[in-house]
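Just passing along the structure, written as structure tokens.
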Amino acid sequence: MRIAGAGNAPALEISGLNVRYGPVHAVFDACLTVGAGQVVALIGETGSGKSSLALAAAKLLPNSAAVTGQVSIAGREVSGLDAGEFRRIRAGLLGCIAQDAMASLNPVVPVGRQVGEVFAVHAGMGRRQAAEAAVAALAQVEIHNPAAVARLYAHQLSGGMRQRVMIAMAMALSPPLIVADEPTTALDVSTQAEILRLIGELRARVRCGLLWITHDMGVVAELADWAAVMYAGRIVEVGPVERVFDAPAHPYTLGLLQTRRDLRSGPVGAPLFQIPGSPPGPGEDPGGCPFRPRCPRATEVCAEVDPGLEPVGADGGLASGEHRAACHHPAAAPAGPADAPAAAP
Amino acid sequence: MTAHLPSQAGAPAAGPERAGSPPPAVIAFDRVSKRYRGGRLALDDVTLGLPDGGSLGLVGESGSGKTTCVRLALGLDRPTSGRLTFNGAAYPAGRGGLRPLRRQIGFVLQDPYDSLDPRMTIRDVVAEPLRIHRLPGGRGRAADRVVAGQLAAVGLPGADLRSYPSRYSGGGRQRIAIARALIGSPSVLICDEPTSSLDVSVQSQIVNLLLDARRERHLSMLFVTHDLDLIGRVVDTVAVMYGGRVVETGPAELIRRSPRHPYTRALHDAVPADHPRGRRLASRGAGPLETAGAGGDAGAVPPASQDEAAGYAAEPGGAGQAGAAAHESCIFASRCPRAQDRCRDERPPMIEEDALRSYACFFPLPDGAHG
Amino acid sequence: MARAVIRRLVFGLIAVAGVVALAFVLEFVVPGDPAKAIAPRAQSPAVLAGIRAQLHLNRPVIVQFADYLGGLLHGNLGTSYVQRQSVASLIGPRLLTTGVLALAGVVAEVIIGGALGILATLFGWARALVGAVNLTLLAIPIFVLGLLLLLVFGFRFGIAPVTGGAGPAQLVLPALTLGLIGAPWYAQIVADQMQDSLASSYIRTAVSKGLSDSYILRRHVLRNVLSPAITMVGLDLGAYLSGVVTVEVVFVWPGIGLLAVNALHDLDRPIVLGTVIVGAVAVVFFNLVADVLRMFVDPRTREGV
């Protein structure tokens, strides 16, 4: 599925991706595209497979993980490359931002040097040049006094600063694709707001595709052009972000939106809206639709057949096939109270 | 001056109210300060009260001091100055003295992976308070019955008592922690970010569990979180903390809709949008979607990196600001869009707007400043 | 950081003082009359008493202790009962000799242990093998290993010297013995630390930056291994310098250890005390050096930076 509007090759194209850790099937037949310069939010909770999908696309999974399927970055097929070949080209192709910046930075090396490494190893810069480039990169992410900060160690920086360093490292060579795994989840809300603002600024300057993993629908609303929702290793809904918010087709997406809306504007003291039940654990796969135990619309067919992604309703103006959901009973109209999963606590 | 509480339906009357006097506080902080070895001032002249049978929420980011308040309330630390009381009496020193007090407090902490001893079966974990406080049902068959009952009440009916915490998900473990907190029939429930480490779809379940428990057992509840929206749904009265100080208190509804303190407003504005059409934060270069006009004084908090430029590793919640210099000024002045000279030279006192609200600001936001 | 160093120095001095006092007291607890040791054939009690008086042994213990401390402060460690030489002049050259052995031993154990640890981490098939080797080396008593090596390489194959002495040829076997005995500790530390490192998120970051495996190993992993390794080296150097007694005895390496053993046998109290003190000072000193070095290597251990 190609997203109209981008003249260049899509930043990321995944098709038929499967990830297995031994007997556990973490990602089922995933297909996803991130257009050039587009932001796609990958939404999911623990166990949804979102991190596995992203890590598999970035070829960062350990050898023990079995990955099959096609992955192309900026039009270049990378799934077939062996580790050595990919290593040589990856920094210019793909930047990664991890969730836990503290754990993702080497504690005994100054952060400036860690940023500089990318330049030294891949842009063939000498030591001094790389150091200068590192300082410039830190300035790009709005770190004040970047030369001084470059000499500091990770534990001497605040959470927000560390995350900026990670962003600087990922964007150092202006790659066409950035994969960000919940970069703001562990940050305070005001720090998160800063980082989101920074991302907005950077996108205005540098055109790159961004796959942003999150479970926070608010962050999705702020950042995304497209939203893809994952549940139990499958992509269960994907579409333009406004459409997904206005007319979520899959009951899980609807549940996530309802949860947030209720939290934000519900009355004091009233019970919170909740999706009943809990996500399936790793390796649990009773067959049929994985969301069935928690779904108010579930019928017999849901227990037997695992629905695949199918186009949802054709609206005037929206090319049919762009909004898809994996549900036997997708909601066609904008969400109303009748479509809400049970609110009983 | 303790946080006042509007009357709540369903809560037992806390004794005859004398005209003008607040309901008695179960836990009261009276001008409490806490300075740690090494000089860090975690709490600076904090006055708070958890009304008997009522609920108090503490909202703040890292470094705000809210976790320190929890530690003090649990007796894990002692104030450097000021008075901390439980039911009117000062917190005793020493483990033995604290024990009767701790029997009355159940607590649920943030990290479900840390707060349960991985080497204890869930039966032992949940029954532990009974054993520690020498209450009946702490051992043997009786414990099995009691624990099974508690686990069923928190949504884990039929759980294997001999299983270990590692078998459960984050939500499951928090349920176990809640069962443990409630088993000794405490009168006070303290929750410190109980849902922050959990998945979104599980958070509401756990919060609802806590609300139910509170209602059924008539507990006084202290709920600490960084989530302004969540606190607004869970407690009656909210105290907003920044840099170790309380900057605003009031009824939850008003704090959300019509805050007085610029920090509260900034906190609210920092929350991401509800819908893509309303996006404000990452608006530059957002692409074809319309973005809501982001005015200059939209209230977004200027980045902490400015403080870092000045040499401090400032936390978003305000800790780490220069020590003595900041003491005689408004703690938020360096990052406040409304700050003026007076804010930097004088520390604003807590101003009581009425029986319900108070704030520490010389230039508070007017009513309806926030839609 | 200076404050931390000074603090350690002060505690170190206190430790040395404690050791001295303890050693002094122990000497008096050990049965045996030094006078008899000096003049074994003397029969007359008067002669023995005279010897004791000459050595000031008839004075109260406290006074003897005070005398000794006084001497210490002047760098005077006393005079050997048996050899009629100042203790300092006896210990001095031997200190160097033991130092050479200690250094060689540490180098050997770091190399052997480090190699084993790296092998075990990088190659799955080696893990079990290295584990078995470690266990064996840990289980063997040091004198057994020493004698075995001496037997095999000295007597059987004749490639190592079998008489004592302090030359380079004689250094090989004792250093090797020390190296083999100490290797499992380093192997364990290196393997543990490497494994932790490799599993950590920052290594994944490094991979995501397209850095090569060998670069990552060199620039990221090994740095993190250094910190605990340095601590151990400090401990070892200090310990060895207080006299690798067993090895010196087995190989007749003329160092402090051998001196101390003989002095104990002869009840030559001043020498025993002298070696104890030198040993204590060595341990404290090298621990301090190791601490400081570690602060350079691992910025997280610097206080107040």
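The values are calculated or read from the model by the stated rules, or taken from the named source; none is laboratory data. Note that this is a predicted model, so its numbers are computed, not measured. Note that each Cβ is placed from the backbone with ideal geometry, even for glycine, and that neighbours are counted across all protein chains shown.
Looking for whichever is surrounded by 13 or more Cβ atoms within 10 Å (Cβ to Cβ), assigned to a helix (DSSP H, G or I) and in contact with a Phe, Trp or Tyr (Cβ under 9 Å, 6 or more places away or on another chain) here; the options are C:Gly105, C:Gly131. Which one fits?
C:Gly105
From the list B:Gly39, B:Gly49, B:Gly20, B:Gly63, pick out the single residue that is of a type in the set (Gly, Ala, Ser), outside any strand (DSSP E or B) and either surrounded by 21 or more Cβ atoms within 10 Å (Cβ to Cβ) or modelled with pLDDT of 90 or more (or both).
Result of the check over B:Gly39, B:Gly49, B:Gly20, B:Gly63: B:Gly63.
If you take the residues in region A:67-82 that are in contact (Cβ under 8 Å) with a residue 60 or more places away in the chain and touching a strand residue (DSSP E or B) at 6+ places or on another chain (Cβ under 7 Å), which one is surrounded by the most Cβ atoms within 10 Å (Cβ to Cβ)?
A:Ile73
Let me ask another. From C:Leu90, C:Leu95, which residue is in contact with a Ser or Thr (Cβ under 8 Å, 6 or more places away or on another chain), part of a helix (DSSP H, G or I) and in contact (Cβ under 8 Å) with a residue 24 or more places away in the chain? Let's see the steps before the verdict.
Values: C:Leu95 fails: in contact with a Ser or Thr (Cβ under 8 Å, 6 or more places away or on another chain).
After applying the criteria, what remains is C:Leu90.
Could you tell me whether region A:275-283 includes any residue that is among the polar types (S, T, N, Q), in a loop (DSSP other than H, G, I, E, B), modelled with pLDDT under 90 and in contact with a helix residue (DSSP H, G or I) (Cβ under 8 Å, 6 or more places away or on another chain)?
There is at least one residue in region A:275-283 that is among the polar types (S, T, N, Q), in a loop (DSSP other than H, G, I, E, B), modelled with pLDDT under 90 and in contact with a helix residue (DSSP H, G or I) (Cβ under 8 Å, 6 or more places away or on another chain).
Being of a type outside the set (Lys, Arg) and more than 11 Å from chain B (Cβ to nearest Cβ) is the filter here, so list the residues in region A:140-160 that pass it.
A:Gln140, A:Ala147, A:Ala150, A:Tyr153, A:Ala154
Is there a residue being surrounded by 20 or more Cβ atoms within 10 Å (Cβ to Cβ) and in a strand (DSSP E or B) anywhere in region A:44-66?
So far as region A:44-66 goes, no, none of its residues is surrounded by 20 or more Cβ atoms within 10 Å (Cβ to Cβ) and in a strand (DSSP E or B).
Just give me the residues in region C:51-72 being within 34 Å of the chain's Cα centre (by Cα), at pLDDT 75 or above and aliphatic (A, V, I, L, M), in sequence order.
Correct list: C:Ile62, C:Val63, C:Ala66, C:Leu69.
Does C:Ala206 count as more than 27 Å from C:Gly18 (Cβ to Cβ), within 12 Å of chain A (Cβ to nearest Cβ) and among the aliphatic types (A, V, I, L, M)? Talk me through it step by step, then tell me what you get.
Numbers: more than 27 Å from C:Gly18 (Cβ to Cβ): yes; within 12 Å of chain A (Cβ to nearest Cβ): yes; among the aliphatic types (A, V, I, L, M): yes.
So C:Ala206 passes the test.
If A:Glu242 meets every condition in (1) more than 13 Å from B:Pro272 (Cα to Cα); (2) crowded, with 21+ Cβ neighbours inside 10 Å; (3) in contact with a helix residue (DSSP H, G or I) (Cβ under 7 Å, 6 or more places away or on another chain) apart from one, which number is that one?
Looking at each condition in turn, A:Glu242 falls short on (2).
Here's the yes/no breakdown for (1) under 16 Å from B:Val108 (Cβ atoms); (2) among the β-branched types (Val, Ile, Thr); (3) more than 10 Å from chain A (Cβ to nearest Cβ):
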{"residue": "B:Ser187", "(1), (2), (3)": "yes, no, yes"}
{"residue": "B:Ile190", "(1), (2), (3)": "yes, yes, yes"}
{"residue": "B:Ser196", "(1), (2), (3)": "yes, no, no"}
{"residue": "B:Ser204", "(1), (2), (3)": "yes, no, no"}
{"residue": "B:Leu222", "(1), (2), (3)": "yes, no, yes"}
{"residue": "B:Gly232", "(1), (2), (3)": "no, no, no"}
{"residue": "B:Ala239", "(1), (2), (3)": "no, no, yes"}
{"residue": "B:Gly244", "(1), (2), (3)": "no, no, yes"}
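I want to confirm something. Restricting to region A:262-310 and keeping residues that are over 23 Å from the mean Cα position of the chain (by Cα) and acidic (Asp, Glu), which single residue is surrounded by the fewest Cβ atoms within 10 Å (Cβ to Cβ)?
A:Glu300
Check off (1) in a loop (DSSP other than H, G, I, E, B); (2) within 23 Å of B:Gly97 (Cα to Cα); (3) of a type in the set (A, V, I, L, M, F, W, C); (4) under 28 Å from the mean Cα position of the chain (by Cα) for B:Leu135 and give me the number that stays unchecked.
Result: B:Leu135 passes all but (4).
Can you list residue pairs whose Cβ atoms sit under 7 Å apart, with the first residue in region B:195-221 being in contact (Cβ under 8 Å) with a residue 40 or more places away in the chain and more than 14 Å from B:Gln174 (Cα to Cα) and the second being charged (D, E, K, R) and part of a loop (DSSP other than H, G, I, E, B)? Count only pairs 6 or more apart in sequence or on different chains.
B:Ser220/B:Asp52
Go through region A:118-136 and report how many residues are at the interface with chain C (Cβ under 9 Å from one of its Cβ atoms) and either surrounded by 24 or more Cβ atoms within 10 Å (Cβ to Cβ) or touching a residue at least 60 places away in the same chain (Cβ under 8 Å) (or both).
Selection size over region A:118-136: 1.
So, in region C:217-242, how many residues would count as being under 16 Å from C:Leu26 (Cβ atoms) and in contact (Cβ under 8 Å) with a residue 60 or more places away in the chain?
As a first pass, look at region C:217-242 and keep what is under 16 Å from C:Leu26 (Cβ atoms): C:242.
Among the residues that remain, those that are also in contact (Cβ under 8 Å) with a residue 60 or more places away in the chain are: none.
Number of matching residues: 0.
Now for a separate question. Being assigned to a helix (DSSP H, G or I) and either closer than 30 Å to A:Ile167 by Cβ or hydrophobic (A, V, I, L, M, F, W, C) (or both) is the filter here; which residues of region C:242-266 pass it?
C:Val245, C:Val247, C:Val249, C:Val250, C:Phe251, C:Ile256, C:Leu258, C:Leu259, C:Ala260, C:Val261, C:Ala263, C:Leu264 - these are the residues of region C:242-266 that are assigned to a helix (DSSP H, G or I) and either closer than 30 Å to A:Ile167 by Cβ or hydrophobic (A, V, I, L, M, F, W, C) (or both).
Same structure again: Name the residue that is nearest to B:Leu210 (Cα to Cα), counting only residues in region B:156-183 that are crowded, with 22+ Cβ neighbours inside 10 Å and basic (Lys, Arg).
B:Arg175
Going through region A:197-225 one residue at a time, which ones are out of contact with any strand residue (DSSP E or B) (no Cβ under 7 Å at 6 or more places or on another chain), surrounded by fewer than 24 Cβ atoms within 10 Å (Cβ to Cβ) and either in contact (Cβ under 8 Å) with a residue 24 or more places away in the chain or more than 7 Å from chain B (Cβ to nearest Cβ) (or both)?
Residues satisfying the conditions are A:Leu198, A:Glu201, A:Leu202, A:Arg203, A:Arg205, A:Val206, A:Arg207, A:Asp216, A:Gly218.
In region A:111-225, which helices (runs of 4 or more DSSP H) lie fully inside it and hold 1 or more residues that are of a type in the set (D, E, K, R)? Spell out how you get there, then give the answer.
Details: elements: A:111-122, A:127-140, A:146-150, A:159-171, A:189-205, A:217-223.
The qualifying helices (runs of 4 or more DSSP H) are A:111-122, A:127-140, A:159-171, A:189-205, A:217-223.
Further question on the same structure: Please work out which one of (1) away from chain B (no Cβ under 12 Å); (2) under 17 Å from A:Gly277 (Cα atoms) is the condition A:Ala228 fails and give its number.
All conditions pass for A:Ala228, except number (2).
Could you tell me whether A:Gly16 is among the small types (Gly, Ala, Ser), surrounded by 20 or more Cβ atoms within 10 Å (Cβ to Cβ) and in a strand (DSSP E or B)?
no
Just checking, which of A:Thr259, A:Thr253 is at pLDDT 85 or above, part of a helix (DSSP H, G or I) and surrounded by 23 or more Cβ atoms within 10 Å (Cβ to Cβ)?
Working: A:Thr259 fails: surrounded by 23 or more Cβ atoms within 10 Å (Cβ to Cβ).
Of the residues listed, the single one that is at pLDDT 85 or above, part of a helix (DSSP H, G or I) and surrounded by 23 or more Cβ atoms within 10 Å (Cβ to Cβ) is A:Thr253.
From the residues in region C:66-102 that are within 30 Å of C:Ile181 (Cα to Cα) and either hydroxyl-bearing (Ser, Thr, Tyr) or touching an Asp or Glu at 6+ places or on another chain (Cβ under 6 Å) (or both), which one is surrounded by the most Cβ atoms within 10 Å (Cβ to Cβ)?
Among them, the one singled out is C:Thr98.
Right, another one. Only one of these is closer than 24 Å to B:Asp269 by Cα, polar (S, T, N, Q), more than 10 Å from chain B (Cβ to nearest Cβ) and buried (at least 22 other Cβ atoms within 10 Å of the Cβ): A:Gln192, A:Gln163. Name it. Even if it seems obvious, please write down each step before you answer.
On the way: A:Gln192 fails: more than 10 Å from chain B (Cβ to nearest Cβ).
The match here is A:Gln163.
List the helices (runs of 4 or more DSSP H) inside region C:137-241, counting only whole elements, that have at least 3 residues being aliphatic (A, V, I, L, M) and at pLDDT below 85.
Working: elements: C:142-149, C:168-199, C:201-208, C:213-216, C:222-241.
The helices (runs of 4 or more DSSP H) meeting that bar are C:168-199, C:222-241.
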